[in-house]
Amino acid sequence: METLLLKGKAVRDQVFSELKEKVAKAPRKPGLAVILVGDDAASSVYVSHKEKGCEEVGFHHETHRLDASTDENTLLELIGRLNRDRAIDGILIQLPLPKGLDQDRILLSVDPAKDVDGFHPENLGRLVSGSPRFVPCTPKGILRLLAHYDVPLAGKNVAVVGRSVIVGRPLTMLLSLKRSDANATVTLCHSGTKNLGEITSRADVVVAAIGVPKALGPDEIAEGCIVVDVGINRIDAPERPKGTRLVGDVDFDALNGRVAAMTPVPGGVGPMTIAMLLENTWEAMCLAEGLDG
Ligand code: NDP
């Protein structure tokens, strides 16, 4: 069986060019503020991708890099300032925050109308209640990617592995919404799930958001399945000049040729996450300015 590769980069390019066109006609540039606390290497890379994305589509952007020892009040004051800043439509706190900072309190302090990551309880609540506003970027990107490749979800059995508030939990909510690009039957699995392989091997679609390299392979995923690999894991690769490489949460090589479709890592879900962040920022500006979008 030839496995269709669900390439997020191509879809991201399309979203970017649509946004670029809209920005050219907009009354002002949408603005995104990113707050990065500490010097986590992976977070720095993600932030630089977001900066590049903003440049590419013509958004105003600013990155606030704070020392890991920054106290909570300083951070809350900065968020308060950005909440009031009319040039800023979206505020993103790069996670994880250093230990000692109360992540829940900090996310709660972001104006829900500028919460383009969709992590504020108000936006998560809207998603659960069935009338979403800002949907977390990775789950939103997964649905967009599958829709682009005409992979139907309605009526399908989807196993989501991983229940983080960033990916698995909101994705479960999104997939189960009664709308044409969703309407799936969803099972949310996690480290406490018994017989994980039995559940995933019965699913039409498996989404892996675990953070464990190559955790799922042919024993857990049936032939002909649709596989969405969210994981980004850096593993040793002495053959590479850098000595490391990125792999997902599924065993790509073992599944390639057995499953119907699969996202590559890198180049699958990752680019979609950034595209949806920029789209959410555009939507936030439209809300702020009373535009149709
Ligand atoms: P978290 O560590 O927050 O959550 C991992 C989840 O996987 C938890 O629910 C955990 O269960 C579950 N889990 C861990 N081990 C197992 C196992 N052996 N069997 C079943 N479930 C397991 O991770 P994130 O959701 O933040 O990220 C997951 C992966 O996705 C990471 O590799 C991350 O880098 C990547 N990622 C990629 C993005 C992209 O744009 N492509 C965006 C965000 C994340 P429990 O709750 O019981 O601990």
Study note, to complete from the structure: Selection from segment 84-102 of residues over 18 Å from L277 (Cβ atoms) and not in a loop (DSSP other than H, G, I, E, B) yields R84
Review point. How many of the residues making up segment 234-250 are more than 10 Å from the ligand (Cβ to nearest atom) and under 20 Å from the mean Cα position of the chain (by Cα)?
Key: 1
Exercise for review: Could you look through segment 140-156, keep only residues that are in contact with a strand residue (DSSP E or B) (Cβ under 9 Å, 6 or more places away or on another chain) and part of a helix (DSSP H, G or I), and pick out the one that is farthest from the ligand (Cβ to nearest atom)?
Suggested key: L146
Study note, to complete from the structure: Considering segment 45-76, residues that are assigned to a loop (DSSP other than H, G, I, E, B) and among the polar types (S, T, N, Q), and then whichever is surrounded by the fewest Cβ atoms within 10 Å (Cβ to Cβ), we arrive at S69
**Study point:** Test: residue in segment 107-124 that is in a helix (DSSP H, G or I), under 30 Å from A203 (Cβ atoms) and touching a Phe, Trp or Tyr at 6+ places or on another chain (Cβ under 8 Å)
**Key:** yes
Check your understanding: Does A159 meet the test of being more than 15 Å from the ligand (Cβ to nearest atom), over 28 Å from I79 (Cβ atoms), in contact (Cβ under 8 Å) with a residue 12 or more places away in the chain and of a type in the set (G, A, S)?
Key -> no
Review point. Within segment 15-44, can you find the residues that are in a helix (DSSP H, G or I), within 22 Å of the chain's Cα centre (by Cα) and of a type outside the set (A, V, I, L, M)?
Key: F16, S17, E18, K20, S43, S44
Check your understanding: Considering only residues of segment 217-233 that are buried (at least 18 other Cβ atoms within 10 Å of the Cβ) and more than 20 Å from the chain's Cα centre (by Cα), which is nearest to the ligand (Cβ to nearest atom)?
Key -> E220
Point to revise | Candidate set from segment 179-211 (those that are within 10 Å of the ligand (Cβ to nearest atom), closer than 13 Å to V228 by Cβ and part of a loop (DSSP other than H, G, I, E, B)); member that is farthest from the chain's Cα centre (by Cα) | key: I210
**Study point:** Condition broken by P170, with the remaining ones in (1) in contact with a Pro (Cβ under 6 Å, 6 or more places away or on another chain); (2) part of a loop (DSSP other than H, G, I, E, B) satisfied
**Key:** (2)
Practice item. Starting from segment 84-100, keep only residues that are under 23 Å from G211 (Cα atoms), then list their pairs with residues that are surrounded by 15 or more Cβ atoms within 10 Å (Cβ to Cβ) and of a type in the set (K, R) whose Cβ atoms are within a distance under 8 Å, requiring at least 6 positions of separation or different chains. Key: L92/K50
Review point. Mind checking which pairs have a first residue in segment 48-73 that is without any contact (Cβ under 8 Å) to a residue 40 or more places away in the chain and a second that is small (G, A, S) and loosely packed, with under 15 Cβ neighbours inside 10 Å, Cβ under 8 Å, 6 or more apart or different chains?
Key: G58/A24; H60/A87
Exercise for review: Run down R258, R234, R202, R179 and say which single residue is under 19 Å from A42 (Cβ atoms) and charged (D, E, K, R).
Suggested key: R234
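Let's see how each residue does on (1) crowded, with 19+ Cβ neighbours inside 10 Å; (2) in contact (Cβ under 8 Å) with a residue 24 or more places away in the chain; (3) within 19 Å of L145 (Cβ to Cβ):
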| residue | (1), (2), (3) |
| --- | --- |
| D249 | yes, yes, yes |
| V259 | yes, yes, yes |
| T263 | yes, yes, yes |
| V269 | yes, yes, yes |
| M272 | yes, yes, yes |
| M276 | yes, yes, yes |
| A288 | no, yes, no |
| D292 | no, no, no |
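Each reported figure results from applying straightforward, stated rules to the coordinates on display, with no laboratory input. Predicted, not measured: the structure shown is a model, and the values here were computed from it. Ideal geometry is used to build each Cβ from the backbone, glycine not excepted, and the neighbour counts take in all protein chains shown.
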